[in-house]
Amino acid sequence: MGLEINKLNKTFYNADDHTTIVALQDVSLRVDNGEFVSIIGPSGCGKTTILRIISGLEIPTAGDLYIHEKQAEPWNHVGFVFQEYALFPWRTVSENIQFGLEMKGLTKSEKKLRSNDYIHRFGLHGFEDTYPNELSGGMRQRVAIARTLVNDPSIILMDEPFGALDSQTRGQMQKFLLDIWRQSNKTILFVTHNIDEAVFLSQKVIGISKRPGSVQLSLNIDLPYPRDVTSDEFNRYRKEIIDFLNKQNIEQNG
């Protein structure tokens, strides 16, 4: 087993007006080793909060988190790819990729060897000394993913990593991510608002309800890769997710 969360709850307290917001309520889900799972749901349902708790950036109010069947420190197992790249603008491509390795205390030669491997695998050769503001959005996200994978996490969390990209670049990055996932056999938990993206990438789609968020949909996507987005089978899964989201929007506005 890769990741399991059991009856996860998160309540936020507003010190200004002394009110509380229940963001998550009894969220339970399981992601097996090497599985690609997407989380989808209405805005404000707590999708990002789930990732932040798994990564250790937020502390749950209640519930249990297991990684490889143990209650362990997430930072030893988890890598996080953000929507906004989160690259250091004063560091080159090579220096950005090496950042986590520096934190681990690797030698200069070890850092260079490992970062060069990912630079070549990710099609970044020739851009080693380039700064983030000189790269396209797709290239910056490649650097961000390389910086995460070079640290060899067993679980990769991705929070709408392609949300800021144009549709053509987004499609290219989806195919690129699938290739990387199938080569590395990493466990990926992927948050998206894009239904087509969820069906195209995932082995399973988890649907989170309106706030307080809870798991209301667990949909296995039984389609071979690469997937035909125009097929009847693909559209059947799309419709099931659309119906789920429409139900949440009706309940939220009702």
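Read-outs: derived from the displayed coordinates by stated rules, not from any lab. Computed from a predicted structure; not experimentally measured. So basically every Cβ, Gly included, is an ideal-geometry build from the backbone, and we count neighbours across all protein chains shown.
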Of all beta bridges DSSP finds with both residues in the chain, what is the antiparallel percent, to the nearest 5? 55
4 °C / 1.567 mPa s Stokes-Einstein diffusion coefficient of the range 77-200, Kirkwood radius on C-alpha pairs, µm²/s: 89
For the range 210-254: span of alpha carbons on each principal axis (Å, largest first): 37, 17, 10
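With +1 assigned to the C-beta of every Lys and Arg and -1 to the C-beta of every Asp and Glu, and no other charges, what is the dipole magnitude of the chain about the Cα centre in debye, to the nearest 20?
Working: 28 positive and 32 negative charges, 54 e Å.
Result for the chain is approximately 260 debye, rounded to the nearest 20.
Compute the FRET efficiency between L113 and H193 as 1/(1 + (r/R0)^6), taking r as their Cβ-Cβ distance and R0 = 30 Å, and round to the nearest 0.05. If you can, show how the numbers build up before the last one.
Working: r = 38 Å, r/R0 = 1.27.
Between L113 and H193 the formula returns 0.20.
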Treat the count of other C-beta atoms within 10 Å as a stand-in for reagent exposure and order T230, T20, T92 from fewest to most. T230, T20, T92
What percentages, rounded to whole numbers, describe P(r) for the range 16-110 computed over all alpha carbon pairs with 5 Å bin width beginning at zero? 2, 8, 16, 19, 17, 14, 12, 7, 3, 1, 0
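When the convex hull of the C-alpha atoms of the range 87-152 is computed, what volume per residue in Å³ does it have? Working shown, then result.
Numbers: hull volume 4.9 nm³, N = 66.
Taking the convex hull of the Cα positions in the range 87-152, it is 74 Å³ per residue.
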Roughly how far apart, in whole Å, are the Cα centres of the range 50-129 and the range 203-254? 29
Sequence of Y225, Y13 once ranked by neighbouring C-beta atoms within 10 Å, starting from the fewest: Y13, Y225
Treating only the Cβ of Lys, Arg, Asp and Glu as charged (+1, +1, -1, -1), what charge dipole size does the range 193-239 show about its Cα centre? Round to the nearest 20 debye. 320
Could you name the lysines whose alpha carbon sits less than 23 Å from that of K112, not counting residues in the same chain fewer than 8 places away? K104, K186
Alpha-carbon Debye profile of the chain, log10 I(q)/I(0) at 0.10, 0.15, 0.16 Å⁻¹: -0.52, -1.12, -1.24
Which of S94, S109, S202 fluctuates most in a GNM of the chain (C-alpha springs under 10 Å)? That residue is S109
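Once the piece of chain linking T169 and Y66 is laid out straight, how much longer is it, given 0.36 nm per residue of separation minus the C-alpha distance between them? Spell out each step's value before the answer.
Values: separation 103, 0.36 × 103 = 37.08 nm, distance 3.50 nm.
The T169-Y66 span can extend by a further 33.6 nm.
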Counting other C-beta atoms within 10 Å, and keeping those with at most 15, which DSSP coil chymotrypsin sites (Phe, Trp or Tyr not before Pro) do you find in the range 33-75? none
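Do any GluC sites (Glu not before Pro) in the range 29-130 lie in a DSSP loop with no more than 10 other beta carbon atoms within 10 Å, and if so, which?
Numbers: sites: E35, E58, E69, E84, E95, E102, E110, E128; in loops: E35, E58, E69, E84, E128.
Within the range 29-130, the qualifying GluC sites (Glu not before Pro) (loop, at most 10 other Cβ atoms within 10 Å) are E69.
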